[in-house]
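Notes to accompany the following structure.
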Amino acid sequence: MRSMSTLTRADLAEALNRKLGLSRSESLSMVESILDHMSGALEQGENVKISGFGTFLLRDKAQRIGRNPKTGVEVPITPRRVLTFRASQMLKERIAKG
């Protein structure tokens, strides 16, 4: 069984540092800039597509009636915006090869 680990901003900056020869602070600044740009686009209601990786999609969910599983009481679920990620076919194939 595989151990689960997390890829962090620092890991991304380190990869830029090694591959492009940027300083650590420049690498971290670039990672932060990219993430800020993506976050800003999502805040403005835009979807974010990264070719060969996937698409971050915003969906508006309408109000609906839900049910408390313990009591069975119906309760309204308020409308909200959710963020989903759809992996590209290329990424799905890379993951499947493992």
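Values in this text are rule-based calculations from the coordinates and carry no lab data. Since the structure is predicted, the reported quantities are computational estimates derived from the model, not experimental observations. Reconstructed Cβ throughout: ideal geometry from the backbone, glycine too, with neighbour counts over all protein chains shown.
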For a label point 7 Å from the Cα of Val75 along Cα→C-beta, name the residues of the stretch 52-67 whose backbone N is under 20 Å from it. 61-67
Run the helix sum for the chain: -39,500 (n - 2.57) per DSSP H stretch of 4+ residues, divided by residue count, reported at 222 nm to the nearest 500 deg cm²/dmol. -13500 deg cm²/dmol
Equivalent ellipsoid dimensions for the stretch 1-52 as semi-axes, Å, which come from the Cα gyration tensor, largest first: 22, 18, 10
Checked the chain against the a/c 1.5 cut and the a/b vs b/c comparison, axes a ≥ b ≥ c from its Cα gyration tensor; verdict prolate
For each of Met30, Met90, Met4, count neighbouring Cβ atoms within 10 Å of the residue's Cβ, then give the residues from fewest to most. Met4, Met90, Met30
Run the quick spin-label model on Leu57 and Met90: label points 7 Å from Cα toward the beta carbon, then report their separation in nm to one decimal. 2.0
For Ser39, what is the net charge nearby, where nearby means another residue's Cβ is under 13 Å from its Cβ and Lys, Arg count +1, Asp, Glu -1? -3
